[in-house]
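Notes follow the structure.
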Amino acid sequence: MPGPGVFAVAARSGEMLRENVTEDICGDLEFCDPGISQAVTAIPGAVIAGHMDGRLRIYARDDGRVLWETNTLREYETESGDTGRGGSFGGGRPMVADGMPYANSGYGIYIHMPGNVVLVFGIADDTEQ
């Protein structure tokens, strides 16, 4: 394989159907890696993948293009009022419940970027500010 990313392989033949190599955007960021160390989550028409570079990406099932991406390497105000921080994605995979993706961001094992948040993504209601 040419590098880290998301790949589609035919289950019966092992033939490579698509490859989407992740661009290395880490620069000098310590412990950053563009790869994926956790299982991905398949949803109708897409695949959700948390990368070790702190990005959560949603890929189109049909051609592998990135449909959506967010950088979680920042601080967050949590529901409890404390401050949390995103990091590398590893361990448990992203999940979807009631149409909303959930992902744990921050993986301090094996020298990756630590963090300590569970992120929930939804569609913003423009009427609420």
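Number of residues in region 93-109 that are in contact with a Ser or Thr (Cβ under 6 Å, 6 or more places away or on another chain) and closer than 15 Å to Gly35 by Cα equals 3. Applying the set (1) under 15 Å from Gly5 (Cβ atoms); (2) surrounded by fewer than 18 Cβ atoms within 10 Å (Cβ to Cβ); (3) small (Gly, Ala, Ser) to Gly50 leaves exactly one unmet item: (2). Is one or more of the residues making up region 6-27 within 21 Å of Val117 (Cβ to Cβ) and at pLDDT 90 or above? So far as region 6-27 goes, yes, one or more of its residues are within 21 Å of Val117 (Cβ to Cβ) and at pLDDT 90 or above. Only one entry in Ala39, Ala60, Ala49 is without any contact (Cβ under 8 Å) to a residue 40 or more places away in the chain and closer than 28 Å to Gly122 by Cβ, namely Ala60. Filtering region 24-46 to residues that are exposed (fewer than 13 other Cβ atoms within 10 Å of the Cβ) and more than 19 Å from Pro101 (Cα to Cα) leaves Gly27, Asp28, Leu29, Glu30. Scanning region 1-17 for residues that are exposed (fewer than 15 other Cβ atoms within 10 Å of the Cβ), within 18 Å of Gly64 (Cα to Cα) and not aliphatic (A, V, I, L, M) yields Pro2, Gly3, Phe7, Gly14, Glu15.
Residue count for region 55-93, restricted to those that are among the polar types (S, T, N, Q) and in contact with an Asp or Glu (Cβ under 8 Å, 6 or more places away or on another chain): 2. When only residues in region 75-119 that are surrounded by 14 or more Cβ atoms within 10 Å (Cβ to Cβ), of a type in the set (A, V, I, L, M) and in contact (Cβ under 8 Å) with a residue 60 or more places away in the chain count, which is nearest to Ala49 (Cα to Cα)? Out of the qualifying residues, it is Leu119. Look at Ser80 and say whether it is closer than 18 Å to Gly5 by Cα and modelled with pLDDT under 95. Judged against the criteria, Ser80 is not a match.
Screening Gly84 against (1) more than 10 Å from the chain's Cα centre (by Cα); (2) over 14 Å from Met113 (Cβ atoms); (3) not in a loop (DSSP other than H, G, I, E, B) leaves a single unmet condition, (2).
Scan region 10-24 and tell me whether some residue there is in a loop (DSSP other than H, G, I, E, B) and among the β-branched types (Val, Ile, Thr).
Taking region 10-24 and keeping what is in a loop (DSSP other than H, G, I, E, B), we get 10-15, 22-24.
Still in the list and also among the β-branched types (Val, Ile, Thr): 22.
Scanning region 10-24 turns up at least one residue that is in a loop (DSSP other than H, G, I, E, B) and among the β-branched types (Val, Ile, Thr).
The values are calculated or read from the model by the stated rules, or taken from the named source; none is laboratory data. The model shown is predicted, which means the values in this text are computed figures rather than measured ones. We place every Cβ from the backbone using ideal geometry, glycine too, and count neighbours over all the protein chains shown.
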